[in-house]
Amino acid sequence: MIKGKLLVVSGPSGAGKSTICKRAVNNKNNYLSISATTRKPRDGEGCDDYIFLSENEFNEKIKNNEFLEYARVHGNYYGTLKKPVFDNLEKGNNVILEIDVQGSMQIKKIYHDCEMIFVLPPSLEVLISRLKGRKSETEEQFQLRLKNSVKEIKTAHEYDYLVINDNIDDAVEEINEIIKLLDKKIKYNMDFIDKFILEEESL
């Protein structure tokens, strides 16, 4: 069975990447990785959104080398557990990692076949509006998140694809089109090509 593809989706807070990724996994061959975090759950969040861990639990998993990547962001740890990611890739499922820029750079170094997608709102004004619309942070927390968002945007050139989230339906369709396009890339079809070569050699 051909292994699935690993797609890393990043972008600043307020870009809408979480909503896009959740809707893009409606296809049965797509799996959305659930990140572990030491952050406290927001209203309405549950086990489908994050694996909520204490800092001690998180550190224990770091010691046991259970993370594919992890980073401290906005004062909390976030990380991707290895087992569910590799289990799904082996089954031939496409795995979507919706993670921060720090984590995505770690993934890029150790998993060279990953596809990197950066999500942005249509303007900085829209980004600020979305961040303020959360109304779940203090002014100090908001300013820190905005400052970090600008830093993250400066890394966009490290990615393979850019998706502008002006309309959520269009953004989801763009992600799905990228996934379809990957099926045609040579590196994902080497087994098929090798089959032709072996057949030719046997003639």
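The values are calculated or read from the model by the stated rules, or taken from the named source; none is laboratory data. Source: prediction; values computed, not measured. Glycine gets a Cβ as well: all are built from the backbone with ideal geometry, and neighbour counts include every protein chain shown.
Observations on the model:
- Restricting I128, I168, I175 to residues that are crowded, with 16+ Cβ neighbours inside 10 Å and among the β-branched types (V, I, T) narrows the list to I175.
- Taken together, L53, L6 contain a single residue that is touching a helix residue (DSSP H, G or I) at 6+ places or on another chain (Cβ under 8 Å) and free of Cβ contacts under 8 Å to residues at least 40 places away in the same chain, which is L53.
- Pair list, Cβ under 7 Å, 6 or more apart: region 176-199 residue closer than 18 Å to N93 by Cβ, other residue among the hydroxyl-bearing types (S, T, Y) and surrounded by 10 or more Cβ atoms within 10 Å (Cβ to Cβ): I178/Y161; L182/Y188
- Restricting attention to region 129-146 and to residues that are touching a Phe, Trp or Tyr at 6+ places or on another chain (Cβ under 9 Å) and in a helix (DSSP H, G or I), the residue that is modelled with the lowest pLDDT turns out to be K132.
- Selected residue (criterion: farthest from Y78 (Cα to Cα)) from residues of region 9-33 that are in contact with a helix residue (DSSP H, G or I) (Cβ under 8 Å, 6 or more places away or on another chain) and among the polar types (S, T, N, Q): N27
- Residue within region 93-116 that is in contact with a Lys or Arg (Cβ under 7 Å, 6 or more places away or on another chain), in a helix (DSSP H, G or I), under 29 Å from G4 (Cβ atoms) and touching a residue at least 24 places away in the same chain (Cβ under 8 Å) present: no
- Members of region 56-80 found to be buried (at least 18 other Cβ atoms within 10 Å of the Cβ), at pLDDT 90 or above and not small (G, A, S), listed by number: F58, K61, F67, L68, E69, Y70, Y77, Y78, T80
- Being within 14 Å of the chain's Cα centre (by Cα), touching a residue at least 24 places away in the same chain (Cβ under 8 Å) and not in a loop (DSSP other than H, G, I, E, B) holds for only one residue in L89, L68, and it is L68.
Every residue, every condition in (1) within 25 Å of G75 (Cβ to Cβ); (2) within 19 Å of the chain's Cα centre (by Cα); (3) among the hydrophobic types (A, V, I, L, M, F, W, C); (4) assigned to a loop (DSSP other than H, G, I, E, B), yes or no:
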position: N148; (1), (2), (3), (4): yes, yes, no, no
position: D169; (1), (2), (3), (4): no, yes, no, no
position: E173; (1), (2), (3), (4): no, yes, no, no
position: N176; (1), (2), (3), (4): no, yes, no, no
position: L181; (1), (2), (3), (4): no, yes, yes, no
position: K187; (1), (2), (3), (4): no, no, no, no
position: E199; (1), (2), (3), (4): no, no, no, no
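- If the condition is being β-branched (V, I, T), part of a loop (DSSP other than H, G, I, E, B) and farther than 23 Å from I179 by Cα, then region 22-65 contributes only T38.
- The one condition in (1) within 30 Å of N189 (Cβ to Cβ); (2) at pLDDT 90 or above that P121 fails to fulfil: (1)
- Filtering region 34-49 to residues that are in contact (Cβ under 8 Å) with a residue 24 or more places away in the chain and either hydrophobic (A, V, I, L, M, F, W, C) or in contact with a Cys (Cβ under 9 Å, 6 or more places away or on another chain) (or both) leaves I34, A36.
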